[in-house]
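One structure is given below, encoded as structure tokens.
None of the figures in this text is laboratory data; all of them are computed from the coordinates on show. Every value quoted in this text rests on a predicted model; they were computed, and no experiment measured them. Cβ atoms come from the backbone with ideal geometry, glycine included; neighbour counts cover every protein chain shown.
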Amino acid sequence: MSVDPRTYTYADDVLHDRIILITGASDGIGKSLAIEAARLGAQVILHGRNSEKLEKVYDQIDATDGARRPSIAVLDLVAANAEGYSTLAKSIEDEFGHLDGLVHNAGILGERYTIEQYDAVLWQRVMHVNVTSAFALTQVLLPLLKISADASIIFTSSSVGRTGKAFWGAYSVSKFATEGLSQVLADEHRHAALRVNCINPGATRTNMRLAAYPAEDRNTLKTPDEILSPYIYLLGADSREVTGQSFDAQ
Ligand code: NAP
């Protein structure tokens, strides 16, 4: 029977002992996912650029009954160089020996301009944070993911990564590229114990959404906590055979 990831229900130990790195875990969807994954038994590695915000998430997880104490990995994806990525991978290798889950969630919106007006430097920054850093991080972490008997990579897309929309500029193009990266990687590992999928969270009540739609009624939006089922499904063993797909969280 096929599972609808949006309505997937799970046991409280569904991620027991899984080592999972979540990028952009300091806020929004990544923060909610980190707290829920830890509650479900995962050893979570919280990635972000702001130590203070990450420590608050750490404290929240530490105060959660039964959750394993998380780790923190600080790396600014705008400034990170090859050495920064390698150091992050080495610290995961030294502490845990392998990785079971990698959630590429961190992202930036950029500005809402037409292509004609889009600032070239901002264009590069958005593409760099949203796409190139996910490529670089995947590359250094693949050896650790391949040690796992059941590894999962999740990329984060958007509806403007499937159909282009005026004024979404580099963000939209970066999400098309993310879908492409996910598909290429999935195909390269179609015979391996590594699945690779994409999730489009849909309109979700976070700071990024507020920046994109400052005038909308936020109460009409799902909260990050309400859209987590597909992430948990793809991170847990129930999605073992699922790869190369792109899901909507709503
Ligand atoms: P958010 O609340 O703005 O969170 C973004 C996260 O990415 C934060 O943890 C942020 O860190 C981190 N980040 C940004 N730039 C970074 C950098 N240079 N280095 C390291 N970390 C960085 O956004 P969100 O709405 O939760 O979005 C999460 C993902 O879902 C994104 O990929 C977004 O494109 C996608 N998405 C969201 C929606 C929506 O409606 N919310 C819809 C479709 C897709 P700080 O806390 O330090 O800023």
Self-check item: Single residue of Tyr213, Tyr171, Tyr231 found to be exposed (fewer than 15 other Cβ atoms within 10 Å of the Cβ) and either farther than 19 Å from Ser148 by Cα or within 12 Å of the ligand (Cβ to nearest atom) (or both)
Solution: Tyr213
Self-check item: Odd one out for Val129 among (1) away from the ligand (no atom under 14 Å from the Cβ); (2) under 24 Å from Gly101 (Cα atoms)
Solution: (1)
Quiz prompt | Answer from Asp65, Asp100, Asp59, Asp94 - the residue that is charged (D, E, K, R) and under 26 Å from Glu179 (Cα atoms) | solution = Asp100
Practice problem: Return a yes/no flag: does segment 45-63 have any residue that is outside any loop (DSSP other than H, G, I, E, B), among the small types (Gly, Ala, Ser) and under 14 Å from the mean Cα position of the chain (by Cα). | Solution: yes
Quiz item: Considering Arg39, Arg69, Arg49, which residue is charged (D, E, K, R) and closer than 30 Å to Gly169 by Cβ?
Solution: Arg49
Quiz item: Which of the residues belonging to segment 120-168 are assigned to a helix (DSSP H, G or I) and farther than 22 Å from Thr243 by Cα?
Solution: Ala120, Val121, Leu122, Trp123, Gln124, Arg125, Val126, Met127, His128, Val129
Quiz prompt | Among (1) surrounded by 15 or more Cβ atoms within 10 Å (Cβ to Cβ); (2) free of Cβ contacts under 8 Å to residues at least 60 places away in the same chain; (3) within 12 Å of the ligand (Cβ to nearest atom); (4) assigned to a helix (DSSP H, G or I) - the single one Ser32 does not satisfy | solution = (2)
Self-check item: Answer from Tyr58, Tyr113, Tyr85 - the residue that is more than 16 Å from the ligand (Cβ to nearest atom) and not aliphatic (A, V, I, L, M)
Solution: Tyr113
Exercise. Of the conditions (1) closer than 20 Å to Leu15 by Cα; (2) more than 13 Å from the ligand (Cβ to nearest atom), Ile72 clears all except one; give me its number.
Key: (2)
Quiz item: Taking segment 197-250 as the region of interest, how many residues are part of a loop (DSSP other than H, G, I, E, B) and closer than 20 Å to Asp27 by Cβ?
Solution: 13
Quiz item: In this structure, does Gly84 turn out to be assigned to a loop (DSSP other than H, G, I, E, B), of a type in the set (Gly, Ala, Ser), under 28 Å from Val121 (Cα atoms) and out of contact with any Asp or Glu (no Cβ under 6 Å at 6 or more places or on another chain)?
Solution: no
Quiz item: Using beta carbons and a limit of 7 Å, which pairs, at least six apart or on different chains, have the first residue in segment 228-250 and on the phi > 0 side of the Ramachandran plot and the second one part of a helix (DSSP H, G or I) and surrounded by 16 or more Cβ atoms within 10 Å (Cβ to Cβ)?
Solution: Gly244/Gln183; Gly244/Ala186
Quiz item: What is the residue count in segment 123-154 for residues that are basic (Lys, Arg) and touching a Gly at 6+ places or on another chain (Cβ under 8 Å)?
Solution: 1
